[in-house]
Amino acid sequence: MKKKKILGIAVAAMISISSLVPAFADDASTQNVTNGVTTGQVRQNNEADKLAKLTQRASKLGIDITGLTNDQAKAKIRTAVAEKLGIDITGLSNKDASSKIKAALEGKTLDRLNKKAAELGIDITNLSVDNAKAKILSAEAGKLGIDITGLSNKDALSKIKSAVEAKNLADLTKKATKLGVDITGLSNKDARIKLNQAEASKLGIDVTGLSNEDVITKIQNARAEKLGIDITGLSFKDAKAKIKAASEAKKEAHKEKNTSSTTAADTAVQ
């Protein structure tokens, strides 16, 4: 959140006509009051900004910091972040706790980057986090067929996200056409939900009252059963990959069968 700009505070000095105090004394007094009020206002604004940022972070973590001082709120947020990362900061000073959390976050970021690099088939060994991110973004951009030359990591990521969203929308539109569903004006998220509902209905699955995640699970199980494969215990991603491989294999087998039938028919005609 951007800090609010202080436009200035005007303080009018009320000088009594009967006052015997010289004019310069009033001027000095006025200046002191102005400085005092301005400094106080800056401090209040800074505290308000800090609280707003802390409240935003707390909301993302699902914790309540209502009524807490900024220091208490920071401590509660640190504890929540540590728990989320699976680390113990009990008994540590604020500085040491923050250092431990930072190290854990960097480790988690590096693990995520290594996993992404492996998926893209690139090597980020010995690269800094920023350089690793840049290399991964470059690979992602190349995969999507977009140019991010000269862009910062932030701008490159924004361009990649836009390209991914456009690709996802194209895929969703294609699926919607296949299922005979209208997703005009819907966000990608809402379009997916509507398409999942339509596919479940087509597969004869009752999804009444189920969350979208549960609907997807039921659809996956139905697809796997139809293909005669077992996806028990697999993650969503692995199950999806196995279903896709089995589906493609089935299509290829069907294609070969049709080719063989056509060849046999041609031979018979000859």
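Some points to look at:
- Check on residue 109, farther than 15 Å from residue 163 by Cα, among the polar types (S, T, N, Q) and in a helix (DSSP H, G or I): yes
- If only residues of the range 71-94 that are in a helix (DSSP H, G or I) and among the charged types (D, E, K, R) are counted, the one that is farthest from the chain's Cα centre (by Cα) is 71.
- Within the range 39-67, the residues that satisfy the criterion of being within 23 Å of residue 99 (Cα to Cα), open to solvent by 50 Å² or more (accessible area, probe 1.4 Å) and over 19 Å from the mean Cα position of the chain (by Cα) are 50, 51.
- Residues located in the range 121-137, provided they are under 21 Å from the mean Cα position of the chain (by Cα) and surrounded by 16 or more Cβ atoms within 10 Å (Cβ to Cβ): 132, 133, 134, 135, 136, 137
The values are calculated or read from the model by the stated rules, or taken from the named source; none is laboratory data. Just so you know, these numbers come straight off a predicted model, no measurement behind them. Please note: Cβ atoms are built from the backbone with ideal geometry, for glycine as well, and neighbour counts cover all protein chains shown. These accessible areas exclude ligands, DNA and RNA; they are computed on the full protein's heavy atoms, side chains included. Shrake-Rupley method; radii C 1.70, N 1.55, O 1.52, S 1.80 Å.
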